[in-house]
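Asker: Just dropping this structure here.
The values are calculated or read from the model by the stated rules, or taken from the named source; none is laboratory data. Nothing here was measured: the structure is a model prediction, and the numbers come from that model. Here the Cβ positions follow ideal geometry from the backbone for every residue, glycine too, while neighbour counts run over all protein chains shown. Just so you know, the surface numbers come from the protein's heavy atoms only, side chains and all, with ligands and any DNA or RNA stripped out. Shrake-Rupley method; radii C 1.70, N 1.55, O 1.52, S 1.80 Å.
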Amino acid sequence: MKGRAEELAEMVRTLQGWVNESRSIVFFGGAGVSTESGIPDFRSVDGLYNQKYDYPPEEILSRSFFDARPEEFYRFYRDKMLCLDAKPNPAHEKLAQMEKIGKLRSVVTQNIDGLHQRAGSERVWELHGSVHRNRCMRCGKAYPVEYIRDSQGVPRCSCGGTVKPEVVLYEESLDGRVMEGALQDIQNADMLIIGGTSLAVYPAASLVRYYRGHRLVLINKSPTPYDSHADLMIPYPIGQVLGQIRV
Ligand SMILES: [Zn+2]
């Protein structure tokens with residue numbers, strides 16, 4: 001029987017070969033990419049679920065809650081969603097390098113932390129928006145994330161309007177331009193690497209269906225409903241796997 005280390009080494013060798021031959025890779029990532037940078041996944045069992053708050057995270061992070069109880073929303077948001085000290089991990093770094101040398105077309109992410117850009121990635125489709133973009137709901141003036149972090153209660157614009165993060169809350173729809181861009185890149189990709197997501201969250205699973213190639217790689221510690229569709233399934237942490245790829 002093969003040991004775990006040998007099994008991983010063999011999978012990484014296969015992945016390396018495919019990376020070498022590919023020229024338009026798209027990476028699709030979920031919360032697992034950020035958890036390796038210390039950002040909690042509020043959907044996972046060891047995530048925010050088990051932490052004390054008066055309402056479940058999905059309720060607090062819904063548009064109706066934001067409208068009805070903005071102070072409570074921002075208390076939670078500043079406390080749990082703004083992880084501004086987190087740093088990119090080897091997965092972020094490697095993907096940024098792959099883009100620089102022209103192997104990777106884009107990153108499609110469900111994360112809102114901006115860590116891909118901090119690592120140097122430029123073409124990033126943020127399906128759920130970003131904590132780094134914030135706008136006044138009345139006049140549209142932009143504010144940096146530090147303004148949200150450092151304000152008290154509900155952050156206000158100089159015009160008196162409420163400043164809202166451009167983060168897609170539950171009950172809100174995704175940005176059509178972002179979806180379209182992600183979809184086109186996936187459609188034209190010669191390799192799709194999916195990492196750190198169980199593919200259970202909309203629209204992840206539906207986006208994956210647009211991939212037409214024969215190099216679908218899944219890197220996720222736990223099983224996903226798409227494992228049987230994958231051409232290569234690597235059940236190891238995403239940073240550990242991508243960190244070993246040479247570009
Ligand atoms: Zn304003």
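Asker: Can you give me the relative contact order of the stretch 115-164 as a percent, contacts being Cα pairs under 8 Å and 6 or more apart? Please report the intermediate quantities before stating the final value.
Answerer: Values: 49 pairs, mean separation 15.4, N = 50.
Relative contact order for the stretch 115-164 comes out at 31 percent.
Asker: Give, in nm to one decimal, the length gained when the segment between Glu21 and Ser222 is fully stretched (0.36 nm per residue of separation minus the Cα-Cα distance). Present the calculation step by step, with values, prior to reporting the outcome.
Answerer: Details: separation 201, 0.36 × 201 = 72.36 nm, distance 2.76 nm.
Fully extending the segment from Glu21 to Ser222 adds 69.6 nm.
Asker: Taking amide H atoms as placed 1.01 Å from N in the peptide plane, list the residues 5 or more away in sequence, or in a different chain, whose amide H sits under 5 Å from that of Ile234.
Answerer: It is Leu218, Ile219, Asn220, by chain and number.
Asker: Under the Karplus relation 6.51 cos²θ - 1.76 cosθ + 1.60, θ = phi - 60°, what is the ordered set of whole-Hz ³J(HN,Hα) values for the stretch 58-69, x standing for Gly and Pro?
Answerer: Those phi angles translate into 5, 6, 4, 8, 9, 5, 5, 5, 4, 5, 7, 9 Hz.
Asker: Just add up the charged neighbours of Val247: K/R +1, D/E -1, any other residue whose Cβ is under 12 Å from the Cβ of Val247. Don't jump to the answer; show the numbers that get you there.
Answerer: Values: positive: Lys94, Lys100, Lys103, Arg246; negative: Glu93, Glu99.
Computed value for this residue: +2.
Asker: Here's a follow-up. Considering the chain, what Rg and Dmax in Å follow from its alpha-carbon atoms?
Answerer: Taking only Cα atoms of the chain, I get Rg and Dmax of 18.8, 68 Å.
Asker: For the stretch 100-247, what is the relative contact order in percent, using Cα pairs closer than 8 Å and at least 6 residues apart in sequence?
Answerer: On the way: 220 pairs, mean separation 22.8, N = 148.
Relative contact order here is 15 percent.
Asker: How far, in nm, would the chain grow between Asp231 and Arg118 when pulled straight, counting 0.36 nm per residue and subtracting the alpha carbon separation? Each step should come with its number before you reach the end.
Answerer: Numbers: separation 113, 0.36 × 113 = 40.68 nm, distance 3.04 nm.
So the chain would gain 37.6 nm between Asp231 and Arg118.
Asker: Quick one: how many lysine pairs in the chain have C-alpha atoms under 19 angstrom apart, if they're 8 or more apart or on different chains? Could the numbers behind the result be given before it?
Answerer: Numbers: Lys2/Lys221; Lys52/Lys80; Lys80/Lys164; Lys94/Lys103; Lys94/Lys221; Lys141/Lys164.
Taking the Cα cut-off of 19 Å, the pair count is 6.
Asker: Whole-Hz Karplus ³J(HN,Hα) for the stretch 221-226, in order, using 6.51 cos²θ - 1.76 cosθ + 1.60 and θ = phi - 60°, x for Gly and Pro?
Answerer: Result, ordered by residue: 4, 10, x, 10, x, 9 Hz.
Asker: Additional query: Using a 10 angstrom cutoff on alpha carbons, build the Gaussian network for the chain and name the most mobile of Pro70, Pro56, Pro40.
Answerer: In the Gaussian network model the winner is Pro56.
Asker: Let a ≥ b ≥ c be the square roots of the eigenvalues of the Cα gyration tensor of the stretch 1-148; is it rounded (a/c under 1.5), or, if not, prolate (a/b larger than b/c) or oblate? Walk me through the intermediate numbers first.
Answerer: Details: a/c = 2.93, a/b = 1.64, b/c = 1.79.
Oblate.
Asker: Take each uninterrupted DSSP H stretch in the chain, measure its Cα extent along the helix axis, and return the ones at 24 Å or beyond whose mean Kyte-Doolittle hydropathy is at least -1.0.
Answerer: Details: long enough: 4-21 (26 Å, -0.58).
Span-like helices in the chain: 4-21.
Asker: Top to bottom by accessible area (1.4 Å), largest first, where do Cys157, Cys83, Cys139 land? Working shown, then result.
Answerer: Values: Cys157 10, Cys83 40, Cys139 80 Å².
Putting Cys157, Cys83, Cys139 in descending order of accessible area: Cys139, Cys83, Cys157.
Asker: In the neighborhood of Gly196, defined by Cβ-to-Cβ distances under 10 Å, what is the net charge if each Lys or Arg adds +1 and each Asp or Glu adds -1? Please report the intermediate quantities before stating the final value.
Answerer: Numbers: positive: Lys221; negative: Glu36, Asp41.
Charge balance in the 10 Å sphere: -1.
Asker: Shifting gears a bit: Less than 12 Å Cβ to Cβ from Glu59, Lys/Arg counted +1 and Asp/Glu -1: what total charge do the surrounding residues give?
Answerer: -2
Asker: Compute the relative contact order of the stretch 10-134 as a whole-number percentage, counting only Cα pairs closer than 8 Å that sit 6 or more residues apart in sequence. Please report the intermediate quantities before stating the final value.
Answerer: Values: 144 pairs, mean separation 36.3, N = 125.
For the stretch 10-134, the relative contact order is 29 percent.
Asker: Non-local amide H neighbours of Ser62 (under 5 Å, H modeled in plane, Pro and chain starts lacking H): which ones?
Answerer: Tyr170
Asker: Which cross-chain or sequence-distant (5 or more) residues have an amide H under 5 Å from the amide H of Trp125, H modelled 1.01 Å from N in plane?
Answerer: Hits under the 5 Å cutoff: Val107, Val108, Thr109.
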